[in-house]
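Below is one structure, written out as structure tokens, with a few remarks after it.
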Amino acid sequence: NSGVVCLLRPLLLDVVPSIRQTAALALGRLADYDVELAETIVKAGILPQLMCSLPEENRYYKKAAAFVLRGIAKHSPQLAQAVVQCGALEMLVICLEDFDPGVKEGASWAVGYIARHNAELSQAVVDAGTVPLLVLCIQEPEIALKRIAASTLSDISKHSPELAQTVVDAGAIAHLAQMILNPDAKLKRQVLSALSQIAKHSVDLAELVVEAEIFPVVLTCLKDSDEYVKKNGATLIREIAKHTPELSQFIVNSGGVAAVIDCIGSCKGTVRLPGIMTLGYVAAHSENLSMAVIVSKGISPLCNCLIEEHEDHIKAAAAWALGQIGRHTAEHARHVAIANVLPTLLDIFVDTRSSEDLKMKASRSLKNILQKCTYLPALEPLLHEAPHNIMKHIIGQFSKVLPHDSKARRLFVTSGGLKKVQEIKAEPGSLLQEYINTINNCYPEEIVR
């Protein structure tokens with residue numbers, strides 16, 4: 001409000017180097033503080049002035065200049081675009097080639113903040129030739145530089161397969177994969193994130209990541225003491241598992257499913273989410289892969305997530321994953337039903353506090369499992385509380401099993417199941433009415449009456 005920004009502007013051209021640096025640092029702190037100040041600095045035409053003498057300046061000024069660019073670019077795509085338009089990327093490339101690791105680090109930050117907004121800005125960053133230089137930065141000895149370079153590669157890769165491919169073509173995967181075992185937790189987080197952002201786009205990219213021999217090394221990350229390392233490790237496994245049955249099978253063979261299940265069991269909250277999704281993706285691919293999740297004892301931790309978690313989106317993921325496990329055959333559905341999952345899903349579905357998405361996922365999973373489930377003792381309790389739209393699937397399963405199973409027919413009468421069926425109001429000619437008729441036809445008329 002006091003017009004300080006305009007007063008700082010001429011100081012960027014001062015004869016004394018320390019005044020130039022201090023002015024740049026002040027502008028950087030202002031820009032970093034909030035979006036309006038950043039816009040004021042851009043409108044005051046300071047960026048071209050900041051750039052004009054950069055190649056001849058010393059490392060302190062370069063660091064301060066990179067700090068200004070990063071402070072402006074972080075706020076919005078529009079401000080990042082303004083930074084690109086004033087020719088900042090050419091200057092940042094000069095800084096990435098600098099001898100001083102601090103200058104490289106500052107430049108990496110700024111490039112990452114430009115690239116993270118969208119694919120166009122990310123493409124501009126790639127076109128300026130930053131990617132090979134960032135790959136060189138992750139090979140430097142300084143841990144802080146490695147971290148930020150890995151983070152920037154992650155921000156570039158996340159938008160599209162083409163951008164991820166440019167990072168791969170620069171040879172990034174091999175160097176990133178070697179750092180999975182680095183003792184520094186913050187570096188591991190960024191490395192796992194970058195590999196996930198590459199692997200998520202396509203089968204080919206996921207296979208390239210797997211070929212860098214990240215298994216079984218990456219499984220150690222699931223036991224890490226750092227929550228974000230765990231989460232990013234599980235996310236990487238998820239992004240690989242989702243593509244094909246072959247990749248999922250590879251994860252199973254390297255002990256990945258068991259490790260993910262342990263991880264879900266040992267942590268709480270959003271850290272669980274990528275692990276839950278991984279099990280759902282693996283199970284969705286085929287009967288055998290779903291059985292691998294069952295054999296590794298994956299059902300009960302997923303059921304615990306339904307009960308313990310407070311956030312709807314985590315519950316929804318667990319409900320979805322259980323549906324993927326149980327939807328293949330009667331055997332799969334029986335395993336899920338024995339774990340007492342069905343009443344829990346039903347409770348979630350009828351609970352008025354559940355979000356729409358959670359209700360939809362719970363009901364879809366219930367239907368998927370019910371349509372395969374022939375294990376009647378698990379279906380019996382649901383008869384007494386299921387709402388109409390779920391009821392028809394339950395009655396449908398009884399109508400498939402009872403005609404062929406005399407023991408089940410006897411039990412169905414003594415447990416009060418048959419009585420409950422008579423109370424159901426079904427539309428004449430509807431599917432539900434057909435199911436009820438099929439069940440009633442299994443018994444002598446006087447019992448039905």
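The values are calculated or read from the model by the stated rules, or taken from the named source; none is laboratory data. As the structure is a computational prediction, the values presented were derived from the model and not from experiment. As a convention, Cβ positions derive from the backbone with ideal geometry for all residues, glycine included, and neighbour counts pool all protein chains shown. Note: accessible area is taken over every heavy atom of the protein model, side chains too, but ligands, DNA and RNA are not part of it. Shrake-Rupley method; radii C 1.70, N 1.55, O 1.52, S 1.80 Å.
Of note:
- Once segment 263-289 is narrowed to residues that are closer than 17 Å to residue 309 by Cα and of a type in the set (D, E, K, R), the residue that is most open to solvent (accessible area, probe 1.4 Å) is 268.
- Residue in segment 154-166 that is hydroxyl-bearing (Ser, Thr, Tyr), closer than 26 Å to residue 102 by Cα and surrounded by fewer than 24 Cβ atoms within 10 Å (Cβ to Cβ) present: yes
- Criterion violated by residue 243 - all others in (1) open to solvent by less than 50 Å² (accessible area, probe 1.4 Å); (2) at pLDDT 95 or above; (3) under 29 Å from residue 344 (Cα atoms) satisfied: (3)
- Within segment 216-234, tally of residues that are open to solvent by 30 Å² or more (accessible area, probe 1.4 Å), assigned to a helix (DSSP H, G or I) and not charged (D, E, K, R): 4
- The listed residue being under 23 Å from residue 35 (Cα atoms) and touching a residue at least 40 places away in the same chain (Cβ under 8 Å), out of 93, 111, 126, 103: 111
- Meeting the requirement of 2 or more residues that are of a type in the set (Gly, Ala, Ser) and under 14 Å from residue 261 (Cβ atoms), the helices (runs of 4 or more DSSP H) wholly within segment 273-313 are 273-285, 287-295.
- Members of segment 368-386 that are buried (at least 19 other Cβ atoms within 10 Å of the Cβ) and either under 26 Å from the mean Cα position of the chain (by Cα) or outside any helix (DSSP H, G or I) (or both): 368, 369, 372, 373, 374, 375, 386
- Enumeration of residues in segment 354-367 that are open to solvent by 20 Å² or more (accessible area, probe 1.4 Å) and assigned to a helix (DSSP H, G or I): 356, 357, 359, 360, 361, 364, 367
- Residue within segment 195-205 that is surrounded by fewer than 19 Cβ atoms within 10 Å (Cβ to Cβ), modelled with pLDDT under 95 and assigned to a helix (DSSP H, G or I) present: no
- Qualifying residue in segment 151-169 (condition: over 20 Å from residue 105 (Cβ atoms) and among the β-branched types (Val, Ile, Thr)): yes
- Contact map, segment 247-260: first residue at positive phi and in contact (Cβ under 8 Å) with a residue 12 or more places away in the chain, second residue of a type in the set (A, V, I, L, M, F, W, C) and buried (at least 18 other Cβ atoms within 10 Å of the Cβ), Cβ cut-off under 8 Å, separation 6 or more or different chains; pairs are 255/219.
- Listed by first and then second residue, the pairs linking a residue in segment 34-49 that is under 13 Å from residue 68 (Cβ atoms) and in contact (Cβ under 8 Å) with a residue 40 or more places away in the chain to a residue that is among the hydrophobic types (A, V, I, L, M, F, W, C) and assigned to a helix (DSSP H, G or I), with Cβ atoms under 6 Å apart and 6 or more places separating them unless they lie on different chains, are 38/31; 38/72; 38/79; 42/82.
- Pairs, first open to solvent by less than 20 Å² (accessible area, probe 1.4 Å) in segment 388-409, second among the acidic types (Asp, Glu) and assigned to a helix (DSSP H, G or I), C-beta under 8 Å, six or more apart: 399/434
- Only a single criterion out of (1) of a type outside the set (A, V, I, L, M); (2) at pLDDT 95 or above; (3) more than 23 Å from residue 232 (Cα to Cα) is not satisfied by residue 158, namely (3).
- Matching helices (runs of 4 or more DSSP H) fully within segment 35-135 where at least 1 residues are of a type in the set (Ser, Thr, Tyr), open to solvent by less than 20 Å² (accessible area, probe 1.4 Å) and over 30 Å from residue 161 (Cβ atoms): 59-73
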